[in-house]
Amino acid sequence: MRKYFTKTNIVICIIGIICVIFSSIFVFNSDLLKGVDTEYHMSRIIGITNSWKSGDFFAFIHLDSENYGYAMGFFYSNLFMILPSILYLLGTNIILIYKIIIVICGICTAISMFVCVKKITKNKYASTISMVLYTLSSYRIITMVAKGFLGELFSFIFIPLIILGLYEIIWGDEKKWYFLSIGFIGILNSNLVMTEIMIVVSFAFVIFNLPSLLKISNHHIIDCTRFKALLKGIIWSLLISTAFWLPMLEQLVNST
């Protein structure tokens, strides 16, 4: 245990906690600052719970208080709404649930950035600085406070994992391609717009580093090992996320 509970690690944990508290300080008020989509995401939690009560455990169509359906589940994954919906089912206040999720997102975001940068740089100081800048970034705070885009807030947890996955595939240990899969599975089940952005960023990243990915030698011999690892990451991301994107695709194809 002494290996982990060093003075440096304790200081890093304290810095991370301060960043999370400072970035989400508004949740510690008695009321809740209402962003553009705050009520919408609360309605998702309530709708999923109502659907569960009616026997619909997949809850693609969320029931409101009048038992009318709203097909949010087809275009917004319910994966990260399971925990808040369970809490609501157990009788927890909806505003308290929202605040808990905000804090959990902050903690997971800080940990994700720290761990990913640490794996790339092998430097705790660089990792700590990255964690502070990322957790306290103005865009993340605006997303949380002014916009209330909960799905977009979830996506911040997975962006570092995608970057780490690309790094491992192109320059590191290509056997760790699963970081890319975890990142894309998470972000796809968080927010579609952020997924689109990261697909474009990842594509550009791969194109600019194609020689390293394919290991083209001076004799023009191509080693496809890393490219195969990239394909594995993409394929597993799609396969594991099928429960979300396949019903959505069916809706887009068959309706307007």
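The values are calculated or read from the model by the stated rules, or taken from the named source; none is laboratory data. Note that the coordinates shown come from a computational prediction; the quantities given were computed from them, not determined experimentally. All Cβ positions, even for glycine, are placed from backbone atoms using ideal geometry, and neighbour counts span all protein chains on display. In case anyone asks, the SASA skips ligands and DNA or RNA and just uses the protein heavy atoms, side chains included. Shrake-Rupley method; radii C 1.70, N 1.55, O 1.52, S 1.80 Å.
Per DSSP H run of at least 4 residues, take -39500 (n - 2.57); add these up for the chain, divide by its residues and hand me the 222 nm value, nearest 500 deg cm²/dmol. Walk me through the numbers before you get to the answer.
Details: 12 runs with 169 residues, N = 256.
So the helix-based figure for the chain works out to -21500 deg cm²/dmol.
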(message) Over the chain, what is the relative contact order in percent, taking alpha-carbon pairs closer than 8 angstrom and at least six residues apart?
(response) 18 percent
(request) Compute the convex hull volume of the Cα atoms of the range 87-193, divide it by the residue count, and report the result per residue in Å³ as a whole number. (result) 112 Å³
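Taking the radius of gyration and the Kirkwood hydrodynamic radius from Cα positions alone, what is the Rg/Rh ratio for the chain, to two decimal places? Walk me through the numbers on the way to the answer.
On the way: Rg = 20.3 Å, Rh = 20.0 Å.
The Rg/Rh ratio comes out at 1.02.
Quick one: if you take sqrt(5λ) for each eigenvalue of the C-alpha gyration tensor of the range 49-118, what semi-axes come out, biggest first, whole angstrom? Write down the numbers at each step before the final one.
Working: eigenvalues 161, 44, 16 Å².
The answer is 28, 15, 9 Å, longest axis first.
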(request) Inverting the mean 1/r over all pairs of different Cα atoms, compute the Kirkwood radius of the range 134-256 and quote it in Å. (result) 15.7 Å
(request) Report, to the nearest 10°, how far helix 178-188 tilts away from the longest principal axis of the Cα atoms in the chain, using its own Cα long axis and a range of 0 to 90°. (result) 30 degrees
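Can you compute the charge dipole magnitude of the range 105-256 about its Cα centre, using +1 on each Lys and Arg Cβ and -1 on each Asp and Glu Cβ, nothing else charged? Give it in debye, rounded to the nearest 20. Can you show the working numbers first?
Values: 12 positive and 7 negative charges, 102 e Å.
So the dipole magnitude of the range 105-256 works out to roughly 480 debye.
Output the peptides 193-201, 179-187 sorted from most to least packed, where packing is the average of other Cβ atoms within 10 Å over each peptide's residues. If you can, show how the numbers build up before the last one.
Details: 193-201: 15.4, 179-187: 24.0.
Answer by packing, highest mean first, reads 179-187, 193-201.
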(message) Could you work out what % of the accessible surface of the chain is carbon and sulfur, using a 1.4 angstrom probe and leaving DNA, RNA and ligands out of the count?
(response) 71 percent
(message) Per residue, how much accessible surface does the chain expose to a 1.4 Å probe? Answer in Å², no decimals.
(response) 56 Å²
(request) Could you work out how far helix 38-53 tilts from the main Cα principal axis of the chain, as a 0 to 90 degree angle to the nearest 10? (result) 70 degrees
(request) Compute the long axis of helix 7-23 from its Cα atoms, compare it with the longest principal axis of the Cα atoms of the chain, and write down the angle in degrees, 0 to 90, nearest 10. (result) 40 degrees
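Given charges of +1 on the Cβ of Lys and Arg and -1 on the Cβ of Asp and Glu, with all other atoms neutral, how large is the dipole of the chain about its Cα centre, in debye to the nearest 20?
Values: 19 positive and 13 negative charges, 267 e Å.
Result for the chain is approximately 1280 debye, rounded to the nearest 20.
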(request) Quick one: of Lys7/Lys99; Lys118/Lys176; Lys122/Lys176; Lys3/Lys118; Lys124/Lys176; Lys3/Lys119, which pairs are farther than 23 Å apart, Cα to Cα? (result) Lys7/Lys99
(request) State the answer as a single residue: which of Gly186, Thr242, Ile162 lies farthest towards the positive end of the charge dipole of the chain, with beta carbon charges of +1 for Lys and Arg and -1 for Asp and Glu, about the Cα centre. (result) Ile162
(message) Using alpha carbons only, how many angstrom separate the centre of the range 179-256 from the centre of the range 12-34?
(response) 33 Å
(request) Can you find, among Ile10, Leu214, Leu79, the residue farthest towards the positive end of the dipole of the chain? Put +1 on the C-beta of Lys and Arg, -1 on that of Asp and Glu. (result) Ile10
